[in-house]
Amino acid sequence: MIGVFDSGVGGLTVHRALVHRLPQADFTYLADQANAPYGVKTGEEIVELTKAGCIRLFERGASLVVLACNTASAIALRRLQQTWLPGYRKEIGRPVNILGIIVPTIEAATGLPWEHEAERRGEKAEKVDILGVFATQATVRSRVYEIEIDKRKQDLAVFSEPCPELVPLIEGDASAVDLAKAVEAHVQALKARIGRFPDRVVLGCTHYEIIADIFRAALPAGTPLIQQPASTADALELYLERHPDYVQGTSGSRVFLTTGTPGPQNGLVRGFWGGPVTFDAA
Ligand code: DGL
């Protein structure tokens, strides 16, 4: 079984692309809504909560957990892979792994494979294109997009805009008017910092994909939005081809769990999903 983890409903945007790509695989989605939002928490808190979420999914039989959350991927993934997972694998005696969504997003944003290293010229390359990243405070603070893109593609400048109120608004089923007001303010703030609109954009928080149309309306028409769900699905499919020892399951089961209040998810989620989504107690 494949586990998909997020602080809340945002990871559903990635989950949808994953199940579309691997319809026969068994999936369990876990939303840590009791502890959302993650983006305003400290690094240590994010690491511990992400670890707890992964353990829940591994205990239910997951072989792989996809962190469908930029914040957890940026802050916790490397730490858990390096310091916790090796011992945990021995403890449970089977192959398990955790995958994030930032590597495939950066590959999609740069058009380059992760292994690519920018040619280091004596002086800095002139930045030609500007990538705008809208994300949580923790993801922006990590500078992960700036650092990893600069290593690979020096002619792409990255400007990030933290949007701390958006996850609570989306989890809280805010009105389209309130969401549009908040998104517009962030797009304008980023524009003011850059001096113009960005050439392309990453919605670097999976929740924002639910309101992608509101971002599209606030950006100049035709601004490309890098598709995190699709690039994560590509990456997972390739990973499973290379690592067939991770058991995906074959019955196409779909389980949705929350650490928060079980029941139907809000209207924004229903609209995005195209029907009701109900979470059971984790
Ligand atoms: N969906 C998470 C992300 O991609 C939101 C984190 C939060 O809870 O603030 O970053």
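The values are calculated or read from the model by the stated rules, or taken from the named source; none is laboratory data. Everything quoted here is computed from the prediction, not taken from an experiment. Every residue, glycine among them, receives a Cβ derived from its backbone with ideal geometry; neighbour counts consider all protein chains shown.
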**Study point:** The lone exception for Ser63 - which of (1) buried (at least 17 other Cβ atoms within 10 Å of the Cβ); (2) under 28 Å from Val40 (Cα atoms) it fails
**Key:** (2)
Revision key, fill the gap. When restricted to Gln33, Gln82, Gln24, the only residue in a loop (DSSP other than H, G, I, E, B), away from the ligand (no atom under 16 Å from the Cβ) and either within 30 Å of Ile130 (Cβ to Cβ) or modelled with pLDDT of 95 or more (or both) is Gln24
Review point. Asp245 versus (1) modelled with pLDDT of 95 or more; (2) at negative phi: which is the lone unmet condition?
Key: (1)
Review point. Is at least one residue of the stretch 86-103 in a strand (DSSP E or B) and within 16 Å of the ligand (Cβ to nearest atom)?
Key: yes
Review point. Within the set of pairs 6+ apart or on separate chains, which have a first residue in the stretch 128-147 that is hydrophobic (A, V, I, L, M, F, W, C), a second that is surrounded by fewer than 16 Cβ atoms within 10 Å (Cβ to Cβ) and part of a helix (DSSP H, G or I), and C-beta atoms under 8 Å apart?
Key: Ile130/Ile194; Ala138/Gly43
Point to revise | Hits in the stretch 195-233 - residues which are of a type in the set (Asp, Glu) and within 16 Å of the ligand (Cβ to nearest atom) | key: Glu209
Exercise for review: For the stretch 235-254, enumerate the residues that are surrounded by 15 or more Cβ atoms within 10 Å (Cβ to Cβ) and more than 18 Å from the chain's Cα centre (by Cα).
Suggested key: Leu240, Tyr246, Val247, Gln248, Gly249
Check your understanding: Across the stretch 152-170, which residue is nearest to Ile130 (Cα to Cα) among those that are in contact with a helix residue (DSSP H, G or I) (Cβ under 9 Å, 6 or more places away or on another chain) and near the ligand (Cβ under 10 Å from one of its atoms)?
Key -> Cys163
Check your understanding: Does any residue in the stretch 46-70 that is within 19 Å of Val9 (Cα to Cα) and at pLDDT 95 or above come within less than 7 Å, Cβ to Cβ, of a residue that is away from the ligand (no atom under 16 Å from the Cβ) and of a type in the set (Ser, Thr, Tyr) six or more places away or on a different chain, and which pairs are these?
Key -> Leu57/Thr28
Point to revise | Filter pass, Glu184 being under 20 Å from Glu161 (Cα atoms), within 16 Å of the ligand (Cβ to nearest atom) and of a type outside the set (A, V, I, L, M) | key: no
Revision key, fill the gap. Residue set Val9, Val19, Val65; condition more than 9 Å from the ligand (Cβ to nearest atom), out of contact with any Cys (no Cβ under 8 Å at 6 or more places or on another chain) and either part of a loop (DSSP other than H, G, I, E, B) or closer than 21 Å to Cys205 by Cβ (or both); output residue Val19
Review point. Limited to the stretch 224-275, what total is found for residues that are assigned to a loop (DSSP other than H, G, I, E, B), touching a strand residue (DSSP E or B) at 6+ places or on another chain (Cβ under 6 Å) and more than 18 Å from Thr28 (Cβ to Cβ)?
Key: 1
Review point. Can you tell me which residue in the stretch 36-46 is farthest from the ligand (Cβ to nearest atom), limited to those that are assigned to a helix (DSSP H, G or I) and surrounded by fewer than 20 Cβ atoms within 10 Å (Cβ to Cβ)?
Key: Glu44
Exercise for review: Please work out if Ala109 is farther than 26 Å from Gln265 by Cβ, touching a strand residue (DSSP E or B) at 6+ places or on another chain (Cβ under 9 Å) and away from the ligand (no atom under 14 Å from the Cβ).
Suggested key: yes
